[in-house]
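**Q** Take this structure first; my questions come after.
What follows draws every value from the coordinates through simple rules; no lab data is involved. What you see is a predicted model; the values in this text were computed from it and never measured. Virtual Cβ from ideal backbone geometry, glycine too; neighbours counted across all protein chains shown.
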Amino acid sequence: AQACGNFYDVFAEVPTYATIRTKYGKDEAKIQEWSGIITEEFDRLQKTDPDFDYLMQLSQREMVLIGVGPMVFEDATNWKCKAIMATELLVPDGTKSNTSDFKVAMVRVKMGVDELYQKIQDENAAEEAGWDVEACKKSIMDAMPEPYRRGTQWNWEYVQQQLRDNNISYSARCDVVLATHILYREFDGKISHRIIDERNTQVWLYSKLRRFEKWDSVLHPMFYDRGDGTYHGVKGLGIKMYQVMELKNRLMCATVDASFARTQIMFKPNTPNALNKTSVVQMGPYSILPPDYDVVQTNISGVLDAPMATMSSLDGVIQSNTSQYRQTLTKPQGNPRTATEIQAIIAQQSALGKTQLNRYYEQLDRLFEEKYRRATNLNLPPNVDKDWDEAIAFQKRCYDRGVPKQAMLD
């Protein structure tokens, strides 16, 4: 929680999410003015997205815990991105922990039948965009609930009618379509995009060659660190803490069991018949035991010392593994530390934090660069998509405040 909180603070506790500087023009005063306007309006655009803060927190959690917090763009034009789980992004063994070195990546998603139908509702437009309409229809029908597969209802027209009518009782009982996005780099560096249904891998649901200019146009893994240079070598705090936390849990249970066992009052019967007449008579502050019983004295001192010492040692291991987020508060021994010594300690601790945060900021720069590139697309048609309209409104606000179009593009 502390680590995620630190990353969230450097993301959210800033005047603007990103700072944009234009290179257009020769008047430095105008350049500064236009850059300030674009920055302000772009920040306003980001904050109109109610999901962005939530998605960034999901990405940061995956990044800190697993090591990778992927952010993806679902199409080639929408300026909004989406966070996915680290387990939903698959790459081959040996892939470098550097996005520009990727050759192929797969993103697994569970798509509702209503979502897939929306993609092909206009069949002519869907085919032009790259969808195989017949393959999509088959995937939708394969997800049909079992009771609907009997009689005359087993046809596309019936399924289409249920989806058009927004029949929640139908779509809620449908299975999901296990869609997998396959992204691979062509020889010219552009990224091709295909989609398959994992239940029917014989045909492509979607196919668009060279759809994206580069990996940053579609995928941002958001690495926690560089690991050993490979994608699967990147580890988050989860793997650093898991083994120690498991040991601590086992040791804690054993310590509690030992505490209960050693704090019990034990009675030892001296004869076989003593158990038949077990009774304790309470007289004021005194208890009288029946005859033929002895109280067995137990000593708990020293019994719990070893597990408690081990617990402290494991706490030290966890503290060491997570020290860049939670500095140890220790009481100094001997003479008080000098001001110079304290400044040196603070400088060392902040250096550890800056290394991690600078790496994260560099990845955020690339994410916001792609969001800005999409938001300044001058070819977005109005009144087609709500997200496009928001981007067009962002452009218009900049124009209305005196920013030239070329200043936004450069």
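**Q** Please list 3J(HN,Hα) in residue order for the range 38-54, calculated via the Karplus relation 6.51 cos²θ - 1.76 cosθ + 1.60 where θ = phi - 60°; whole Hz, with x for glycine and proline.
**A** Ordered by residue, 3J(HN,Hα) equals 4, 4, 5, 6, 5, 5, 4, 4, 4, 7, 7, 8, x, 8, 4, 4, 4 Hz.
**Q** Further question on the same structure: PRE reach from Glu115 (point 7 Å along Cα→Cβ): which of the range 154-170 fall under 19 Å by backbone N?
**A** 163-164, 166-170
**Q** Treat each spin label as a single point 7 Å out from the Cα along the C-beta direction, and report the Asp75 to Thr278 distance in nm.
**A** Computed distance between label sites Asp75 and Thr278 equals 7.5 nm.
**Q** Cα-Cα over 21 Å: which of Lys23/Lys371; Lys110/Lys190; Lys103/Lys190; Lys82/Lys386; Lys82/Lys240; Lys110/Lys235? Intermediate values should be presented prior to the final figure.
**A** Values: Lys23/Lys371 18 Å; Lys110/Lys190 26 Å; Lys103/Lys190 11 Å; Lys82/Lys386 16 Å; Lys82/Lys240 27 Å; Lys110/Lys235 26 Å.
Exceeds cut-off: Lys110/Lys190; Lys82/Lys240; Lys110/Lys235.
**Q** With θ set to phi - 60°, apply the Karplus curve 6.51 cos²θ - 1.76 cosθ + 1.60 along the range 172-180 and write out the HN-Hα couplings as whole Hz, x wherever there is a Gly or Pro.
**A** The phi angles translate into 5, 8, 6, 6, 8, 8, 7, 7, 10 Hz.
**Q** With Cβ to Cβ distances under 11 Å as the rule, what net charge do the other residues near Arg44 carry (K, R +1; D, E -1)? Can you show the working numbers first?
**A** Working: positive: Lys47, Arg397; negative: Glu40, Glu41, Asp43, Asp49, Glu390.
Computed value for this residue: -3.
**Q** Taking a virtual spin label 7 Å from the Cα of Gln2 along the C-beta vector, which residues in the range 353-369 bring their backbone nitrogen under 17 Å of it?
**A** 353-354, 356-357
**Q** Expressed as a fraction of 2.2 N^0.38 Å, the rule-of-thumb size for a compact globular protein of N residues, what is the C-alpha radius of gyration of the range 1-160? Don't skip to the end; give the middle numbers.
**A** On the way: Rg = 22.0 Å, N = 160, 2.2 N^0.38 = 15.1 Å.
Working it through for the range 1-160, the quotient is 1.46.
**Q** Sticking with the crude label model, points 7 Å out along Cα→Cβ, report the distance from Tyr286 to Glu213 in nm, one decimal please.
**A** Rounded to a tenth, the inter-label distance reads 9.5 nm.
**Q** Okay, next question. Arranged from highest to lowest average of other beta-carbon atoms within 10 Å per residue, in what order do the peptides 274-286, 12-24, 194-206 appear? Don't skip to the end; give the middle numbers.
**A** Values: 274-286: 9.1, 12-24: 13.9, 194-206: 16.5.
Ranking, from highest mean packing down: 194-206, 12-24, 274-286.
**Q** Packing-wise, with mean Cβ within 10 Å as the measure, how do 60-67, 133-140 rank, highest first?
**A** On the way: 60-67: 22.9, 133-140: 19.1.
Ranked from most to least packed, the peptides come out as 60-67, 133-140.
**Q** Using the beta-carbon distance between Glu13 and Asn167 and R0 = 56 Å, what value does 1/(1 + (r/R0)^6) give for FRET efficiency, to the nearest 0.05?
**A** Details: r = 46 Å, r/R0 = 0.82.
That gives a FRET efficiency of 0.75.
**Q** Tell me which residues come under 5 Å, amide H to amide H, from Gly227 once H is placed; ignore anything under 5 positions away on its chain.
**A** Result for Gly227 returns Lys235.
**Q** So if I place +1 on the C-beta of Lys and Arg and -1 on the C-beta of Asp and Glu, and nothing else carries charge, what would the dipole magnitude of the range 1-151 be about its Cα centre? I want it in debye, nearest 20. Provide the component values of the computation, followed by the final result.
**A** Values: 18 positive and 27 negative charges, 68 e Å.
It comes to approximately 320 debye.
**Q** Something else about it: Note the full-extension length gain between Val256 and Ser312 as 0.36 nm times their separation in residues minus their Cα-Cα distance, in nm to one decimal. Walk me through the numbers before you get to the answer.
**A** On the way: separation 56, 0.36 × 56 = 20.16 nm, distance 1.54 nm.
Extending this stretch completely gives an extra 18.6 nm.
**Q** Enumerate the aspartates and glutamates that Lys277 could reach by cross-link, defined here as Cα to Cα under 15 Å, with residues fewer than 8 away along the same chain left out.
**A** Excluding near neighbours in sequence, the set is Asp292, Asp294.
**Q** Provide the gained length on full extension for the span Asn379 to Tyr399, in nm with one decimal, where the gain is 0.36 nm per separating residue minus the Cα-Cα distance.
**A** Working: separation 20, 0.36 × 20 = 7.20 nm, distance 1.55 nm.
Residue separation times 0.36 nm, minus the Cα-Cα distance, leaves 5.7 nm.
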